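The values are calculated or read from the model by the stated rules, or taken from the named source; none is laboratory data. These numbers were taken from a predicted model, which means no experiment stands behind them. Using ideal geometry, Cβ is built from the backbone for each residue, glycine included, and neighbour counts are taken over all protein chains shown. To get the accessible areas, we keep the full protein, side chains included, count just its heavy atoms, and leave off ligands, DNA and RNA. Shrake-Rupley method; radii C 1.70, N 1.55, O 1.52, S 1.80 Å.
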Amino acid sequence: MSGTDPRPVLLLAHGAGGSLAANYGPVMAGLAARYRVIGADYPGAGGSPRARGPLELDDLADRLVAAADAEGVARFAVSGFSLGGAVAIRLAVRHPERVTALLLTAPFARADAQVRLVARVWRSLVEAGDPDTLGRFLLAHSLSPAALEAMDPQELESAVKQVGGDVPAGTPEHVELAERLDVTADLSRITVPTLVVSPTDDPLIAPRLHREVAAGIPGARLMRIPGGHLPFAEHPDQWAALLTAPFPGRKE
């Protein structure tokens, strides 16, 4: 809590090729009803200047802490989506005295061979400047089969153009970090209550990787949610409900 605002604080860590607005915008009203929400876009996202070199997890974690410091906030929970899950985990290890809980959605502790292969194609398509092919690739690797089948051809083509044409400038650096990160050794050092939300039809970060995170964090609770990698696009109300619901052992 900070000042006269009675709400607990929630820091937001977004995913690769995303932003706070893109990844949390659809659920922001629900989050703000329970939390005082604070976040910081990664370099090259949400109007933030692009990095001049490779990104590092420690720097992204400290970027979030700096955002909390700027608001005069000492203690907070952290919500991490996809790449943001690893950022949140590293933040909790670097600043254990400040973190009250972790809320991790579609997280991965390490990039397995499948993630690395997909990431390299993703970066290549961004750098090639082919937005339509990029859009088709991203939709196929982010939405569930049910969500794709629910769109008629015109809706699907519109989604292709929207997704392929709205790529943050810093996406190559975000994705390159995702390829090489490994926070496996950090998992056992997490001491705060942790919720892992696992989309059951995630084609980008396989549910086995979500489960690996949950299994590695002492006492972590795993909750499954239908849909693909983007719960804010497919099931925003259900996702927001999980992020705002109390769970055993949590302190604010």
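Can you tell me which residues in the stretch 1-27 are of a type in the set (A, V, I, L, M, F, W, C) and closer than 16 Å to Leu104 by Cα?
Within the stretch 1-27, Val9, Leu10, Leu11, Leu12, Ala13, Ala16, Leu20, Val27 meet the criteria.
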Within the stretch 1-43, tally of residues that are in a loop (DSSP other than H, G, I, E, B), over 11 Å from the mean Cα position of the chain (by Cα) and surrounded by 17 or more Cβ atoms within 10 Å (Cβ to Cβ): 6
Residue ID - surrounded by the fewest Cβ atoms within 10 Å (Cβ to Cβ), chosen from residues in the stretch 63-84 that are closer than 18 Å to Ala22 by Cβ and out of contact with any helix residue (DSSP H, G or I) (no Cβ under 7 Å at 6 or more places or on another chain): Ala67
So for the stretch 59-67 (the condition being under 20 Å from Val167 (Cα atoms) and either among the basic types (Lys, Arg) or at pLDDT 95 or above (or both)), does at least one residue qualify? yes
Pairs only if they're at least six apart or on different chains, beta carbon under 7 angstrom, first in the stretch 124-138 and basic (Lys, Arg), second open to solvent by 60 Å² or more (accessible area, probe 1.4 Å); list them, first residue then second. none
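Quick check on this structure: which one of Ala106, Ala101, Ala140, Ala86 is closer than 24 Å to His235 by Cβ and in contact with an Asp or Glu (Cβ under 7 Å, 6 or more places away or on another chain)?
Answer to the selection: Ala106.
Search the stretch 44-62 for residues being among the aliphatic types (A, V, I, L, M) and farther than 15 Å from Ala92 by Cα, and hand back the single one that is surrounded by the fewest Cβ atoms within 10 Å (Cβ to Cβ).
In this case the residue turns out to be Ala51.
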Selected residue (criterion: surrounded by the most Cβ atoms within 10 Å (Cβ to Cβ)) from residues of the stretch 227-242 that are in contact (Cβ under 8 Å) with a residue 60 or more places away in the chain and outside any helix (DSSP H, G or I): Leu230
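Every residue, every condition in (1) among the polar types (S, T, N, Q); (2) more than 19 Å from the chain's Cα centre (by Cα); (3) within 15 Å of Ile205 (Cβ to Cβ); (4) outside any helix (DSSP H, G or I), yes or no:
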position	(1), (2), (3), (4)
Val87	no, no, yes, no
Arg90	no, no, no, no
Pro96	no, yes, no, yes
Thr100	yes, no, no, yes
Leu103	no, no, no, yes
Val118	no, no, yes, no
Glu127	no, yes, no, no
Arg136	no, yes, no, no
Leu143	no, no, yes, yes
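Yes/no per residue for (1) at pLDDT 95 or above; (2) open to solvent by less than 30 Å² (accessible area, probe 1.4 Å); (3) out of contact with any helix residue (DSSP H, G or I) (no Cβ under 7 Å at 6 or more places or on another chain):
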| residue | (1), (2), (3) |
| --- | --- |
| Val175 | yes, yes, no |
| Val183 | yes, yes, no |
| His210 | yes, yes, yes |
| Arg224 | yes, no, yes |
| Phe247 | no, yes, yes |
| Arg250 | no, no, yes |
Cβ-Cβ distance below 6 Å, separation of 6 or more or different chains: which pairs start in the stretch 187-200 with a residue that is over 16 Å from Pro96 (Cα atoms) and assigned to a strand (DSSP E or B) and end on one that is open to solvent by less than 10 Å² (accessible area, probe 1.4 Å) and aliphatic (A, V, I, L, M)? Leu195/Leu103; Val196/Leu104; Val196/Val213; Val197/Ile225; Pro199/Ala106; Pro199/Ile225
In the stretch 180-202, residues that are more than 16 Å from Ala88 (Cβ to Cβ) and over 15 Å from the mean Cα position of the chain (by Cα) total 3
